[in-house]
Amino acid sequence: MRALLSLTCVFIFSFTVLADDHGKHLFILSGQSNMQGHRPDEAFTPMVEKALGKEKVIVVQDALGGQPIHRWWQEWKDPKGEKPNQSGDLYDRLMGKVNAAIEGQKIKTICFVWMQGERDAKMGWGKLYEKALLGLHAQLAKDLKWKKNDLGFVIGRLSDFDISNKRYPHWTMVREAQERVANSNKNFFLVNTDDLNDGLSRKGKAIKDDLHYSAEGYKELGRRFAKFCLTIANQK
């Protein structure tokens, strides 16, 4: 079924995703809980629409808490070289939304915004993360028929929640992998989140160095995402 879905997506994208100077800017946001907590309408969408024009912007966000990167990257294998039971299913769900949003549209730029890694750090899969992150970006570029080096990538780095690696043994390892990927291409950017997990949560609870971000932290996350996305969009 996934193979059929992928073929269908490629067929549709071949007719819809065409780089065009007068086209729209596509922003694809995905990841796990801290992306799920991010609300584009609070800061991200207003910023990119103000800068580029509401009629020139398409924003698609799809996220699910507690999920490892292999639910997006289809080629992931565990340390023993075995594929997991679930692989790429959340990517398929995301691309279903992207396809619906871009049907019949001409696209000028594409930026992929990613906020994930907590689960992989908890499971001890840090050594696999850099390859997976680059693989996911390449997978998206291929499916969108977009030049890989032209596909913007904005990566939300894991916060300072577990710098000591006590609860999530590969926390700093995943952070470092995210940094290396962000430094590997001029169209890749890293978003600092170390100051976003203090303050009051959306439920009004005081938090400090929390796994999740404060209410204001999520708004600031959106602003930082938007800043780098606009840097990429304005290069064209």
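All of the numbers you see were taken from the coordinates with simple rules; none came from a lab. Keep in mind the model is a prediction, meaning the values are calculated, not measured. Cβ placement follows ideal geometry from the backbone for every residue including glycine, while neighbour counts extend to all protein chains displayed.
Starting from the Cα-Cα distance between Lys127 and Lys148, subtract it from 0.36 nm times their residue separation and give me the gain in nm to one decimal.
Once the chain is fully extended between Lys127 and Lys148, it gains 5.2 nm.
For Lys83 and Lys56 in the same chain, what is the full-extension length gain: residue separation times 0.36 nm, less their Cα-Cα distance, in nm?
In short, 5.8 nm is gained.
For the chain, build the charge dipole from Cβ charges (+1 Lys, Arg; -1 Asp, Glu) around the Cα centre, then report which of Ala233, Gly204, Gln61 sits farthest towards its positive end.
Ala233
Can you give the charge dipole size of the chain about its Cα centre, rounded to the nearest 20 debye, using +1 on the beta carbon of Lys and Arg and -1 on the beta carbon of Asp and Glu?
260
Which listed residue (Gln139, Gly124, Asn165) has the Cα farthest towards the positive end of the charge dipole for the chain, taking +1 on Lys and Arg C-beta and -1 on Asp and Glu C-beta about the Cα centre?
Gln139
When we measure straight from the Cα of Lys166, which aspartates and glutamates land under 18 angstrom away, once same-chain ones fewer than 8 places off are left out?
Glu118, Asp120, Glu176, Asp194, Asp209, Asp210
Neighbouring Cβ atoms within 10 Å as the yardstick, rank Cys229, Cys111 fewest first.
Cys111, Cys229
Charges only on Cβ, +1 for Lys and Arg, -1 for Asp and Glu: so what's the dipole of segment 152-236 about the Cα centre, in debye to the nearest 20?
The calculated dipole for segment 152-236 is roughly 320 debye.
When only DSSP loop residues count, what trypsin sites (Lys or Arg not before Pro) in segment 127-167 have their Cβ near at most 15 other Cβ atoms within 10 Å?
Those satisfying the criteria are Lys145, Lys147, Lys166, Arg167.
Rounded to the nearest 5, what % of the DSSP beta bridges within segment 2-233 are antiparallel ones?
10
Give me a comma-separated list of calculated 3J(HN,Hα) values for segment 111-126, in order, Karplus coefficients 6.51, -1.76, 1.60 applied at θ = phi - 60°, integers in Hz, x for any Gly or Pro.
10, 9, 10, 10, 9, 6, x, 4, 5, 5, 5, 5, 7, x, 10, x
How many times 2.2 N^0.38 Å is the alpha carbon radius of gyration of segment 15-107?
Working it through for segment 15-107, the quotient is 1.27.
Amide H of Val191: which non-local residues (sequence gap of 5 or more, or other chain) have their own amide H closer than 5 Å, using H built in the peptide plane?
Counting only residues 5 or more places away or on other chains, the set is Ile155, Gly156, Arg157.
Among Gly23, Gly117, Gly126, which one moves the most in a GNM of the chain with springs linking Cα atoms closer than 10 Å?
Comparing Gly23, Gly117, Gly126 in a Gaussian network model of the chain, the most mobile one is Gly23.
Between segment 71-123 and segment 168-194, what is the C-alpha centre distance in whole Å?
Centre-to-centre (Cα) distance: 17 Å.
Contour minus end-to-end for Glu179 and Arg93, with contour as 0.36 nm per residue of separation and end-to-end as the Cα-Cα distance?
Length difference between fully extended and current span is 28.3 nm.
Test of understanding: ordering Asp209, Asp89 by Cβ neighbours within 10 Å, fewest first, what list do you get?
Ordered by Cβ neighbours within 10 Å, fewest first: Asp209, Asp89.
Using the number of other C-beta atoms within 10 angstrom as an exposure proxy, rank Glu130, Glu118 with the fewest first.
Ascending Cβ contact count within 10 Å gives the list Glu130, Glu118.
In terms of Cα to Cα distance under 16 Å, which lysines are near enough to Lys186, apart from those fewer than 8 places away along the same chain?
Lys147, Lys148, Lys227, Lys236
So what's the back-of-envelope 222 nm ellipticity for the chain, counting only DSSP H runs of four-plus at -39500 (n - 2.57) apiece and dividing by all residues, rounded to 500?
Rounded to the nearest 500, it is -12500 deg cm²/dmol.
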